[in-house]
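Quick notes on the structure that follows.
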Amino acid sequence: MAFVAEAARMFFANCATSDRFSVETQGKIQLLALRNEQEAYATGAHLLFCDRSVLDAVVYVRACGDKLGANKLFERVQTWASTYSKLLLLDPVGVDYVMDGIRQEDLDTRQQFHDAFIHFFEEASLPYELLNGTFQERCRRIDEILKAFQEEEKIKLPG
């Protein structure tokens with residue numbers, strides 16, 4: 001298994017920008033995410049666990065009203081995104097939201113983005129699961145999902 005860190009956090013830690021959700025900025029973040037995911041895939045790992053994805057840029061741009069820009073970003077990664085087995089979306093209810101030097105959006109914007117993810121995933125018929133409940137319940141569900149993928153891989157492997 002390989003873990004892929006959040007590209008946006010990496011990007012904003014190194015690049016100051018005033019227009020965080022423009023198609024240009026999100027396009028750069030998307031390319032970084034794509035490179036990171038493809039590098040992790042190239043290691044031969046059977047399972048990639050990504051903190052965010054190449055689809056985030058699509059949703060953020062779309063949620064901010066630029067549907068044409070969002071469509072262009074989606075077209076650019078649609079083939080890669082089709083390799084995703086499951087997208088896990090954390091329900092913001094019950095999760096503390098801590099603003100920092102990178103995460104600057106208010107709670108209303110957080111909810112707006114969350115709703116946009118659900119809408120986009122459903123509209124694009126992407127395989128997602130909404131994780132809710134306590135921290136422990138969410139961790140248990142993730143463990144169950146990971147175990148199911150591991151079992152699925154054992155079945156696929158020759159031998």
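The values are calculated or read from the model by the stated rules, or taken from the named source; none is laboratory data. The model shown is predicted, which means the values in this text are computed figures rather than measured ones. Neighbour counts are summed over all protein chains in view; Cβ atoms, including those assigned to glycine, are modelled from backbone coordinates with ideal geometry. Side chains included, ligands, DNA and RNA excluded: accessible areas come from the protein's heavy atoms. Shrake-Rupley method; radii C 1.70, N 1.55, O 1.52, S 1.80 Å.
What is the Cα convex hull volume of the chain when expressed per residue in Å³?
121
Roughly how tilted is helix 135-156, in degrees to the nearest 10 and between 0 and 90, from the longest Cα axis of the chain?
50
Once the other residues with Cβ under 9 Å from the Cβ of G27 are scored (Lys, Arg +1; Asp, Glu -1), what is the net sum? Each step should come with its number before you reach the end.
Details: positive: K28, K72, R76; negative: E24.
Cβ neighbours under 9 Å give a net charge of +2.
According to a simple spin-label model (label point 7 Å from Cα along Cα-to-Cβ), what is the distance in nm between L146 and E122?
With each label point 7 Å from Cα toward Cβ, the separation is 3.0 nm.
Charges at C-beta only: +1 for Lys and Arg, -1 for Asp and Glu. How large is the resulting dipole of the stretch 1-84 about its Cα centre, in Debye rounded to 20? Intermediate results must be reported in sequence, preceding the final value.
Numbers: 9 positive and 9 negative charges, 27 e Å.
With Lys and Arg at +1 and Asp and Glu at -1, about 120 debye.
Could you tell me the number of lysine pairs in the chain with C-alpha atoms less than 26 Å from each other, where the two lysines are 8 or more residues apart or belong to different chains?
Lysine pairs meeting both conditions in the chain amount to 9.
GNM, the chain, Cα, under 10 Å: largest mean-square fluctuation among V95, V58, V77?
With Cα springs under 10 Å in the chain, the top fluctuation among V95, V58, V77 is at V95.
Non-local amide H neighbours of A2 (under 5 Å, H modeled in plane, Pro and chain starts lacking H): which ones?
Residues meeting the criterion, in which the H sits 1.01 Å from N, are L47, L48, F49.
Just to confirm the number: angle between the C-alpha axis of helix 23-42 and the first principal axis of the chain, 0 to 90 degrees, nearest 10?
20
Might you report the magnitude of the Cβ-based charge dipole of the chain about its Cα centre, with Lys and Arg at +1 and Asp and Glu at -1, to the nearest 20 debye?
With only Lys, Arg, Asp and Glu charged at Cβ, the dipole is about 400 debye.
Quick one: how many Å² of I142 are accessible to a 1.4 Å probe, rounded to 10?
The value for I142 is about 40 Å².
Starting from the Cα gyration tensor of the stretch 31-100, take the square roots of the eigenvalues, sort them a ≥ b ≥ c, and report rounded, prolate or oblate (rounded when a/c is under 1.5, otherwise prolate if a/b is larger than b/c, else oblate).
oblate
Using only protein heavy atoms and a 1.4 Å probe, report how much of R20 is accessible, in Å² to the nearest 10.
Per-residue accessible area (R20): approximately 30 Å².
Roll a 1.4 angstrom probe over the protein heavy atoms and tell me the percent of accessible area of the chain that is carbon or sulfur. Intermediate values should be presented prior to the final figure.
On the way: 5290 of 9840 Å².
Roughly 54 percent of what the probe reaches on the chain is carbon or sulfur.
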